[in-house]
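Undergrad: Mind looking over this structure? Questions follow.
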Amino acid sequence: MPYRRQRPKKVKNDRPADEIIRDLKASRAPSASYRERSLKIHGLICAKCAREFDHKDRHLLTVHHRDGNPRNNPPDGSNWENLCVYCHEDEHSRGLLGDYFSE
């Protein structure tokens, strides 16, 4: 028998939508702040190319999860490295390129 994805059951809820959205945003806030924690711990510098950034171009720095799991956010930052957008793209495309050439 083929696998069929079951639809989630509808839950009756009398709370207003804006209250539900506020609660959902509040519940994800601790994990969403890992970027700021990583920038504070590791500084405004790319770990791969060593390019330095300042506050006006810090949006070009991203947080790369070394183990590939974006939910693994230890408070000491041991699973993070700050990479510029170019190095981050290079890091993730290496696996794809390696898979392509190994076939």
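Undergrad: Among the residues of segment 21-30, is any of a type in the set (S, T, Y) and assigned to a loop (DSSP other than H, G, I, E, B)?
TA: Restricting attention to segment 21-30, the residues satisfying the condition of being of a type in the set (S, T, Y) are 27.
Subsequent filtering for residues that are assigned to a loop (DSSP other than H, G, I, E, B) retains none.
Among the residues of segment 21-30, not one is of a type in the set (S, T, Y) and assigned to a loop (DSSP other than H, G, I, E, B), which makes the answer no.
Undergrad: Continuing with the same structure: When you check E81 against the structure, is it at pLDDT below 95 and among the acidic types (D, E), yes or no? Steps first, please.
TA: On the way: at pLDDT below 95: no; among the acidic types (D, E): yes.
Criteria not met by E81.
Undergrad: How many residues does segment 49-81 hold that are surrounded by 11 or more Cβ atoms within 10 Å (Cβ to Cβ), within 18 Å of the chain's Cα centre (by Cα) and not hydroxyl-bearing (S, T, Y)?
TA: Total meeting the criteria: 14.
Undergrad: Separate question: Looking at segment 1-30, I want the residues that are surrounded by fewer than 10 Cβ atoms within 10 Å (Cβ to Cβ) and have a partner that is at pLDDT 80 or above with Cβ atoms under 8 Å, at least 6 apart or on another chain. Which pairs are those?
TA: If the second residue must be at pLDDT 80 or above, the pairs left are N13/I20.
Undergrad: Next up: Out of segment 81-96, which residues are of a type in the set (A, V, I, L, M) and assigned to a helix (DSSP H, G or I)? Steps first, please.
TA: Here is the first cut: in segment 81-96, the residues of a type in the set (A, V, I, L, M) are 83, 85, 96.
Passing the criteria: V85, L96.
The values are calculated or read from the model by the stated rules, or taken from the named source; none is laboratory data. For clarity, every value in this text was computed on a predicted model and none was experimentally measured. All Cβ positions, glycine included, derive from the backbone under ideal geometry; neighbour counts span all protein chains shown.
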